[in-house]
Amino acid sequence: MRKILTFLITVLSLYLLGACATIPVEKRAGLREEINQRAEDAIAILVERNPELQDDLDTSVGYFVGQLSRTKVPVVGGGSGLGLLYDREAKTRTYMNIKRFDVGIGLGAGKFRVLIIFHDRGMFEKFKSGIWRSGIALESAVGEKGSTTISGIGEGATLYILPETGVAVKATARFVNITVNEDLTDTGVSSVSLPNTGFSVRDRQGEDAPRVWDYKLPFMAQKVVDMGYDLPLPYGIGIIYAKVDQDQLIDNLRAGINGREKEPFEFVSFTNASSDSDTLQLKLDAWLFPFMNVFAMLGKVDGNAPVDIDLDGNGMLDHLGITCGGIPPNPNPLCPLLQDKTFTLPTINASFSGNIYGIGMVLAGGWNNWFVTIPFNFTYADMDGNDTEGLAYTVTPRFGRVLNLGSRGNLALFAGGNWLKTELTVEGQVSTPDGLIVIDYTIDQSNKDRWNLLLGYNWDINKRWSWSLEYNGFIGSREAFITSVTWRF
């Protein structure tokens, strides 16, 4: 039983994933005309057979006409197709994907058309937003003649079936998934991840199909869409990986010698400080306004911060209140170790690991194929063991151009700069090889170079999936590789 269930789930998953295929731009206008014509033909045939259906249409909120292909073998089957949802009040057209999966007995193959007439506005809007439907179907058809009885349609709508070709005899449990086809429907959804104007003109349906933004966010979206802008889908979930290597500056040193209270000391200095880190973050974002995206991030960071410590022996003896020399010489074992000497302790390689939390926003805009973005980001790092904590502030202006790749999506190439300020507080302990001197220390680290340059790309595979990669470097001591995958909805 488990194997059968696994097989059915696998078939259903692969079947529904087929709906994600992108329709090439050059085929969209012709396909829209074909769907419109099929809808008109189906309605004309059904009205001819059922004259009272015309009154049903005239008093309706709207209607849906779809064409499906179907295949049924003894256990599983299904169908796929495209349809037109027409809103009689707003006079708008929405093109829909149809996916059907059947489990039951029977055999059959062919095509058929369906007409659903809506009398309830709520049911119409629910259908438009994308639905799953299930029900029991008893179906028989030969060519253009046949009959179908389906339960699960619900009140407020009337369903008509128009068989076209093929033969079918079946009794099945049926699952239907209907979603908006965003390649064919001109809702103002952009094919790139940024608001822009002019880029998607060739995808539009025309003046007889007004563009209607169907999402609650961003605010003022409909006004902007009416002005000719296309907007990305409003919500996003992304995974970001970043590797950063950079030189550090050491400030505000506090040290305690052999258990003494930490104090600022001039005889201890830190040199050759740097840090490298690996960060993995989950990012949630939303377009609050057409020009502004806000986001929050949660993730993990791991890294290390190596640094050399230089000691001035005479300064340390003065701090400890030890006077060497005299007659007889001071027998304190620290005198021969420190007097008139300067030496470097073994390199501290302070590792850190912890959670990071971030918030930020992006200001963005596009004109034809050109765009500008300015992300602002604030991040707080809470390290394990409470030995280290850090803050980071980032501003990253970018500008670039979008290249259309046809059926492969759109590629945005960009360049810009990255301003980064990090503040990292590190606590630790280090000792001389013989263990006579133990130093407890607290230091503040900040990145040496604030600005660097960047190059990168963002590949919008389709309206939902994108992948970005960028390199930060070229000037200064900081080098970073950042990549992310985002799903929009």
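Ser407 satisfies every condition listed in (1) under 24 Å from the mean Cα position of the chain (by Cα); (2) of a type in the set (Ser, Thr, Tyr); (3) modelled with pLDDT of 85 or more except (3). Is it the case, given these coordinates, that Gln445 is in a strand (DSSP E or B) and exposed (fewer than 15 other Cβ atoms within 10 Å of the Cβ)? Judged against the criteria, Gln445 is not a match. I'd like the full set of residues that are among the hydroxyl-bearing types (Ser, Thr, Tyr) and not in a strand (DSSP E or B), limited to the stretch 448-489. Result: Ser477, single match.
Looking at Thr432, is it under 17 Å from Ile240 (Cβ atoms), surrounded by 15 or more Cβ atoms within 10 Å (Cβ to Cβ) and outside the structural domain of Lys27 (by TED's automatic domain parsing)? Walk me through it before giving the result.
Details: under 17 Å from Ile240 (Cβ atoms): no; surrounded by 15 or more Cβ atoms within 10 Å (Cβ to Cβ): yes; outside the structural domain of Lys27 (by TED's automatic domain parsing): yes.
No: the conditions fail for Thr432.
I'd like to know if the stretch 318-338 contains one or more residues that are closer than 28 Å to Glu423 by Cα, surrounded by fewer than 16 Cβ atoms within 10 Å (Cβ to Cβ) and out of contact with any Lys or Arg (no Cβ under 6 Å at 6 or more places or on another chain).
No.
Here is a check on your reading of the model: is Val224 modelled with pLDDT of 90 or more, among the β-branched types (Val, Ile, Thr) and either within 21 Å of Trp467 (Cβ to Cβ) or crowded, with 16+ Cβ neighbours inside 10 Å (or both)? Yes: the conditions hold for Val224.
Flag: Arg260 does not match the condition of being in contact (Cβ under 8 Å) with a residue 60 or more places away in the chain and farther than 30 Å from Leu217 by Cβ.
Might you check whether a residue that is at pLDDT 90 or above, within 30 Å of Leu363 (Cα to Cα), crowded, with 17+ Cβ neighbours inside 10 Å and in contact with a strand residue (DSSP E or B) (Cβ under 7 Å, 6 or more places away or on another chain) occurs anywhere in the stretch 208-215? So far as the stretch 208-215 goes, no, none of its residues is at pLDDT 90 or above, within 30 Å of Leu363 (Cα to Cα), crowded, with 17+ Cβ neighbours inside 10 Å and in contact with a strand residue (DSSP E or B) (Cβ under 7 Å, 6 or more places away or on another chain).
Conditions (1) in a strand (DSSP E or B); (2) more than 31 Å from the chain's Cα centre (by Cα); (3) farther than 26 Å from Arg32 by Cβ; (4) modelled with pLDDT under 55, marked per residue:
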position: Ala90; (1), (2), (3), (4): no, yes, no, no
position: Arg100; (1), (2), (3), (4): yes, no, no, no
position: Lys111; (1), (2), (3), (4): yes, yes, no, no
position: Val114; (1), (2), (3), (4): yes, yes, no, no
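Across the stretch 13-34, a minimum of one residue is classified as among the hydroxyl-bearing types (Ser, Thr, Tyr) and either surrounded by fewer than 15 Cβ atoms within 10 Å (Cβ to Cβ) or at pLDDT 90 or above (or both).
Listed here are the residues, each with its yes/no results for (1) touching a Lys or Arg at 6+ places or on another chain (Cβ under 9 Å); (2) within 30 Å of Phe371 (Cβ to Cβ); (3) surrounded by fewer than 21 Cβ atoms within 10 Å (Cβ to Cβ); (4) at pLDDT 85 or above.
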site: Ala157; (1), (2), (3), (4): no, no, yes, yes
site: Ile161; (1), (2), (3), (4): yes, no, yes, no
site: Gly166; (1), (2), (3), (4): yes, no, yes, no
site: Asn177; (1), (2), (3), (4): yes, no, yes, no
site: Leu184; (1), (2), (3), (4): yes, yes, no, yes
site: Val192; (1), (2), (3), (4): yes, yes, no, yes
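Among the residues of this structure, Asn452 does not count as one that is of a type in the set (S, T, N, Q) and within 29 Å of Pro24 (Cβ to Cβ).
Looking at Gly313, is it among the small types (Gly, Ala, Ser), farther than 30 Å from Ser468 by Cβ and crowded, with 16+ Cβ neighbours inside 10 Å? Yes.
Of all residue pairs spaced 6 or more apart or on separate chains, those with beta-carbon atoms under 7 Å, a first member in the stretch 432-446 that is touching a residue at least 60 places away in the same chain (Cβ under 8 Å) and a second member that is polar (S, T, N, Q) and not in a strand (DSSP E or B) are Ile437/Asn258; Val438/Asn258.
Against the test of being part of a strand (DSSP E or B) and more than 23 Å from Lys421 (Cβ to Cβ), the options Ala242, Ala255 yield a single qualifying residue, Ala255. Every listed requirement among (1) hydrophobic (A, V, I, L, M, F, W, C); (2) in contact (Cβ under 8 Å) with a residue 60 or more places away in the chain; (3) more than 26 Å from Asn349 (Cα to Cα) is met by Ala381 save one, (3).
The number of residues in the stretch 366-396 being over 30 Å from Asn304 (Cβ atoms) and buried (at least 17 other Cβ atoms within 10 Å of the Cβ) comes to 3. Would it be correct to say that Asp247 is among the acidic types (Asp, Glu) and at pLDDT 80 or above? Here the answer is yes, as Asp247 does meet what is asked.
The values are calculated or read from the model by the stated rules, or taken from the named source; none is laboratory data. Computed from a predicted structure; not experimentally measured. Note: ideal-geometry Cβ built from the backbone for every residue, glycine included; neighbour counts use all protein chains shown.
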